[in-house]
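Got a structure for you, questions after.
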Amino acid sequence: MIKNIVFDMGNVLISYKPKDMLKKNLADENDQEILFNELFHSVDWLKFDRGTIRKEAFKVNVSHRVPAHLKNVAFDLLDNWYKEIHPINEMESIIHALKEDDFNLYILSNASSDFHYFKTKIPNFNQFDGVFLSSDWKMLKPENEIYQAFYSHFNLNPSECFFIDDMPANIESASNTGMNGYVFKNDFQQLTATLNALNQ
């Protein structure tokens, strides 16, 4: 029996679109590609999400990798990227309905310490029973260890959990640890049908 619904954040609860952020800040497509690769698609970004690098060290590393004319833009993006995050408002009614049906709700996400600046943008954030961030635990999805630590921390049985994430690799690794799930691609109607079918 499923008792716990576990949500990823990016592109599930909140809109995270770094390429759109770059288009707003840079006219040149080549510059956009450089900063996408050196910021949001970099090893340092993964370390930032893992909690093994601080933002100031991230900036120093980036300053050595990007052209001089992009340094200030890169620093500004690192300082303010989360301001471009927006809630996925369609999730409000889904979350509310799940709580009405007495499910426990959790967040399990790869996220840096910047989470504390944007957590209020998460739909119905106060209805979640727990939050588990990669940066707090020095782990990342899709590593099996992060799921095991999540179950242990909240004393959950994985077979009683259902995971919603936009990345197939994360759903697959969760399944390998005993938690089934759903790959979400903005298909709210299908997600609702899937959730309604749980425990039937």
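If we count every other residue with Cβ under 12 angstrom of PRO18's Cβ, Lys/Arg +1 and Asp/Glu -1, where does the sum land? The partial results should precede the final answer.
Numbers: positive: LYS17, LYS19, LYS23, LYS24; negative: ASP20, GLU33, GLU38, GLU84.
Within the 12 Å Cβ shell, the charges total 0.
Summing Lys, Arg as +1 and Asp, Glu as -1, what charge do residues with Cβ under 15 Å from the Cβ of ASN104 carry, ASN104 excluded? Kindly include the intermediate steps, with their values, before the conclusion.
Numbers: positive: LYS3, LYS99; negative: GLU100, ASP101, ASP102, ASP129, GLU160.
Summing Lys and Arg as +1 and Asp and Glu as -1 gives -3.
For labels at LEU105 and GLN148 in the simple 7 Å Cα→Cβ model, what's the distance in nm?
About 3.0 nm separates the two model spin labels.
State the Cα centre-to-centre distance between the stretch 1-59 and the stretch 105-179 in whole Å.
17 Å
Net charge near ASN176, counting Lys/Arg +1 and Asp/Glu -1 over other residues with Cβ under 13 Å of its Cβ?
Working: positive: LYS141; negative: GLU143, GLU145, GLU172.
Taking every other residue near ASN176 into account, the sum is -2.
Against the longest principal axis of the chain, how steep is helix 188-197, in degrees 0 to 90 to the nearest 10, with axes from Cα atoms?
30 degrees
Something else now. Within the set LYS23/LYS47; LYS3/LYS55; LYS59/LYS121; LYS59/LYS99, which residue pairs have Cα atoms separated by over 32 Å?
Working: LYS23/LYS47 24 Å; LYS3/LYS55 37 Å; LYS59/LYS121 25 Å; LYS59/LYS99 41 Å.
Violating the 32 Å limit, Cα to Cα: LYS3/LYS55; LYS59/LYS99.
Another question, then. Residue-wise, which Karplus ³J(HN,Hα) couplings in Hz belong to the stretch 169-174, taking 6.51 cos²θ - 1.76 cosθ + 1.60, θ = phi - 60°, and x for glycine or proline?
In residue order, the calculated couplings are 4, 6, 5, 5, 5, 4 Hz.
Another question, if that's okay. Using DSSP, restrict attention to beta bridges with both residues in the stretch 1-151 and report what percent are antiparallel, rounded to the nearest 5. Each step should come with its number before you reach the end.
Values: 2 of 11 bridges.
Here the share of antiparallel DSSP bridges comes out near 20 percent.
Between PHE125 and THR192, what length in nm is gained on full extension when 0.36 nm per residue of separation is reduced by their alpha carbon distance? Mind showing how you got there, number by number?
Values: separation 67, 0.36 × 67 = 24.12 nm, distance 1.89 nm.
Extra length available between PHE125 and THR192 comes to 22.2 nm.
Also, quick follow-up: Can you bin the stretch 90-165 into rounded, prolate or oblate? Criterion: square roots of the alpha carbon gyration tensor eigenvalues sorted a ≥ b ≥ c, rounded for a/c under 1.5, prolate for a/b above b/c, oblate for the rest.
Numbers: a/c = 2.16, a/b = 1.20, b/c = 1.81.
Here the stretch 90-165 falls in the oblate category.
Still on this model: Can you bin the stretch 7-48 into rounded, prolate or oblate? Criterion: square roots of the alpha carbon gyration tensor eigenvalues sorted a ≥ b ≥ c, rounded for a/c under 1.5, prolate for a/b above b/c, oblate for the rest.
Details: a/c = 3.87, a/b = 1.42, b/c = 2.73.
Oblate shape, in that a/c is at least 1.5 and b/c is the bigger or equal ratio.
Ok, one more. Tell me the angle of helix 144-154 to the major Cα principal axis of the chain, expressed in degrees between 0 and 90 and rounded to the nearest ten.
Result, in degrees: 60.
For a quick check: sort GLU145, GLU56, GLU84 by the number of other beta carbons within 10 angstrom, fewest at the front. Present the calculation step by step, with values, prior to reporting the outcome.
Numbers: GLU145 14, GLU56 9, GLU84 17.
Listed from fewest to most nearby Cβ atoms, that is GLU56, GLU145, GLU84.
Additional query: Provide VAL62, VAL6 in ascending order of the number of other Cβ atoms located within 10 Å of each residue's Cβ, fewest first.
Numbers: VAL62 21, VAL6 27.
Going from sparsest to densest Cβ surroundings: VAL62, VAL6.
Values quoted throughout were computed directly from the atomic coordinates according to the rules given, and no laboratory measurement underlies them. All values reported here derive from a predicted model rather than from experimental measurement. Positions of Cβ are generated from backbone atoms using ideal geometry, with glycine treated the same way; all protein chains shown enter the neighbour counts.
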